[in-house]
Structure formats: structure tokens, C-alpha cells
1. Considering only the range 42-56, state which residues are surrounded by 13 or more Cβ atoms within 10 Å (Cβ to Cβ) and either part of a helix (DSSP H, G or I) or among the aromatic types (Phe, Trp, Tyr) (or both).
2. How many residues are of a type outside the set (A, V, I, L, M, F, W, C) and closer than 10 Å to Leu37 by Cβ when one looks only at the range 50-68?
3. Restricting to the range 20-41, name every residue that is exposed (fewer than 11 other Cβ atoms within 10 Å of the Cβ) and either assigned to a helix (DSSP H, G or I) or touching a residue at least 12 places away in the same chain (Cβ under 8 Å) (or both).
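Throughout, read-outs are computed from the coordinates displayed, never taken from laboratory work. Everything numeric in this text was worked out from a predicted model, so none of it was measured. Because the Cβ atoms are built from the backbone with ideal geometry, glycine has one as well, and the counts that use them run over all protein chains shown.
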Amino acid sequence: MSLATPDDTQLYRVTDVMRVLRMSRTVIYEQIRSGRLRSVKQGRARLITAKGIRNYIALLEKEAEEAA
């Protein structure tokens, strides 16, 4: 699932983000609750933006660099 082009989906369900980030549902919701992974609500659905996924990956990379 590419996150780079504007023609692609811009909002992802938690199940999609689980596959993209290779993390469990519990971890995804923990990251949302902590504010590390930004999300929006539409009705009862919790959705994560493509930008939110990119920002979260950048955060993980930054933390890895700082730990090294």
C-alpha cells in the first residue's frame, strides 16, 4: 500500500494500518491514545491519515537515531 501519491487512499482503517506498520491492534490503539499516531473519527470509525502514518514512521526513525 503506497502512501506517497495523492490518488491513493488518504484515510486508513485500523486494520489497514496494522498491516502497513506490522503492529497489533492493541499497539496501534496505544499509539493513538498516547498521541504518537494521529487519527480522526468519522462516526464510530477511527481513521488514520496517510500523513499520520508517515509522521509516525518518521518519529520511530528519529527515536532510533537518538538511541544509537
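1. Answer for the range 42-56, where residues must be surrounded by 13 or more Cβ atoms within 10 Å (Cβ to Cβ) and either part of a helix (DSSP H, G or I) or among the aromatic types (Phe, Trp, Tyr) (or both): Ala50, Gly52, Ile53, Asn55, Tyr56.
2. 3
3. Taking the range 20-41 and keeping what is exposed (fewer than 11 other Cβ atoms within 10 Å of the Cβ), we get 22, 24, 26, 33-35, 41.
Selection gives Thr26, Arg33, Ser34.
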